[in-house]
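Novice: Supplied in structure tokens, the structure appears directly below.
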Amino acid sequence: MELGSEYDLDLNKLNISSNNLFHYLESYNCQFFDSGRSALRHIPFNQNKAVLLPEFICESVSNCFPSQNIIFYNITEDLQIDLDDLKRKITPQVATLYICHYFGAVQSAQILSYLRRMADECGIMIIEDTTQSFFSINHITGDYMIASIRKWLPIPLGGVLYTKKAQDLPALDHIKTSSDNTRSYGMILKNLFLKNELDCNAKYRQIFTECEEKLDTSDEILQISDFSRFLISCIDIPELIAARRSNYHFLTLELQKIGLQPVCALAENDCPLVFPLRVKNRDSFRSYLMEHKIYCAVHWPFDHFRPEFRPMAQKNAETLISLPIDQRYQKNDMTYLRDIIFQYGGELLF
Ligand SMILES: Cc1ncc(COP(=O)(O)O)c(C=O)c1O
């Protein structure tokens, strides 16, 4: 058994679903891109004025803004916006506020409605990053929403920019459509490795690494490929949500027996991205899980950009681990994950 890491793709299981993501987003204006960062770069934010970014954010997001314009605001230990800190940083120089929800949990309604009012009064554009809360959100706050949907779905490329129907999106006609489906070759090989034991582990890992490097070194905005669009039309969203919730629920009940709880609480209708834990000696624990073929992401490794303003980003980079609970897995996979964690001899609790 192997859990986590990149999605695989089983071409024999593709079937068009009417409950797909296009249906899920039908009440919004949407544009689909190769990545979340292309969706973000396509937003007409003011390039010459300051942007308020949460200190805890992925490097690929901060790289979309001119570095001299970035002002970080604090995020609390339980991943809420530190409103007092944010308020102190609102000045006439600020034109854009970037907000983010973490691990499926949505920021409090009170904070969000305060921010909406404040932004309207001060003429600030809110960009709301729903990458980690994409299937939790039923109420949007931002002027523009972006999400990297490739984090949720077995697709080689995918990011979306969306707004309320009343708000127009910037023109797309000059934006090229990606024809690079290289990552899907890696996903297909991974499937052959997992299902048919084809000896191609090194090859697909190399493909994934090269694709990610290519994305990291390009700032070209591209529309999503036709193949990725087709794959999206085959994924049943209610099934995906139900599987994730059920896996998360099982682990919540099991891990609390040894005193472990997810780092932020999900509301009843939220959908988890992963099962995020804060643990002592995270690297040893992560290596132990790897020895048992459980591959966990870290959200996010610290990029060393302005460390003096980002204490929680640094702490999270050292202590958080994201256990896989996605739609690929069922009860027996979660039982395996639980058993391996229960057998760990090291100290996890702070
Ligand atoms: C919260 C968040 N937003 C946006 C992005 C950018 O998405 P992409 O990697 O598809 O460009 C990421 C990437 O990890 C992310 O974690």
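Novice: Taking Cα pairs under 8 Å and at least six residues apart, what relative contact order does region 83-197 come out at, in percent?
Specialist: 18 percent
Novice: Further question: In whole percent, and with a 1.4 Å probe on the protein chains, what portion of the accessible area of region 14-164 is carbon and sulfur?
Specialist: 47 percent
Novice: Right, here's the next one. Using amide H atoms built in the peptide plane, which far-off residues or other-chain residues are under 5 Å from Gly4 H to H?
Specialist: For Gly4, the qualifying residues are Tyr295.
Novice: As a test of the formula, what do you get for the chain when each DSSP H run with n ≥ 4 contributes -39,500 (n - 2.57) and the sum is divided by the residue count, at 222 nm and rounded to the nearest 500 deg cm²/dmol?
Specialist: Theoretical 222 nm ellipticity from helices: -10500 deg cm²/dmol.
Novice: Which translational diffusion coefficient, to the nearest whole µm²/s, is obtained for the chain from the Stokes-Einstein equation, given a Kirkwood hydrodynamic radius over C-alpha pairs, 20 °C and 1.002 mPa s?
Specialist: 102 µm²/s
Novice: What is the packing order of peptides 320-333, 202-215, taking the mean over residues of other C-beta atoms within 10 Å and listing the highest first?
Specialist: Packing proxy ranking, top to bottom: 320-333, 202-215.
Novice: Could you give the dipole magnitude of region 270-350 about its Cα centre, charging the beta-carbon of Lys and Arg +1 and that of Asp and Glu -1, in debye to the nearest 20?
Specialist: With only Lys, Arg, Asp and Glu charged at Cβ, the dipole is about 60 debye.
Novice: With the full set of protein chains in place, find how many percent of the accessible area of region 237-341 is carbon and sulfur; take the probe as 1.4 Å.
Specialist: Percent of accessible area from carbon and sulfur atoms in region 237-341: 51.
Novice: Once you charge only the Cβ atoms, +1 for Lys and Arg and -1 for Asp and Glu, what is the size of the charge dipole of region 148-262 about its Cα centre, to the nearest 20 debye?
Specialist: For this selection, approximately 440 debye.
Novice: Among Cys200, Cys122, Ala267, pick out the residue whose Cα is farthest towards the positive end of the charge dipole of the chain, where Lys and Arg carry +1 and Asp and Glu carry -1 on C-beta, about the Cα centre.
Specialist: Final value for the positive-end residue is Ala267.
Novice: Another question, if that's okay. For region 201-350, just the Cα set please: Rg and Dmax, both in angstrom.
Specialist: Looking at region 201-350, its Cα Rg and Dmax stand at 17.6, 48 Å.
Novice: Of Lys164, Lys280, which has the most accessible area with a 1.4 Å probe, and how do the rest follow in descending order?
Specialist: So, going from the largest accessible area down, we get Lys164, Lys280.
Novice: Moving on to the next point. As a quick test, which of the pairs Lys13/Lys203; Lys190/Lys257; Lys49/Lys280; Lys87/Lys257 have an alpha carbon distance above 32 angstrom in this structure?
Specialist: Violating the 32 Å limit, Cα to Cα: Lys190/Lys257; Lys49/Lys280; Lys87/Lys257.
The values are calculated or read from the model by the stated rules, or taken from the named source; none is laboratory data. Because the structure is predicted, anything quoted here is derived from the model rather than measured. Backbone-built Cβ (ideal geometry, glycine too); neighbour counts: all protein chains shown. Accessible surface is based on the protein model in full, side chains and every heavy atom, while ligands, DNA and RNA are left aside. Shrake-Rupley method; radii C 1.70, N 1.55, O 1.52, S 1.80 Å.
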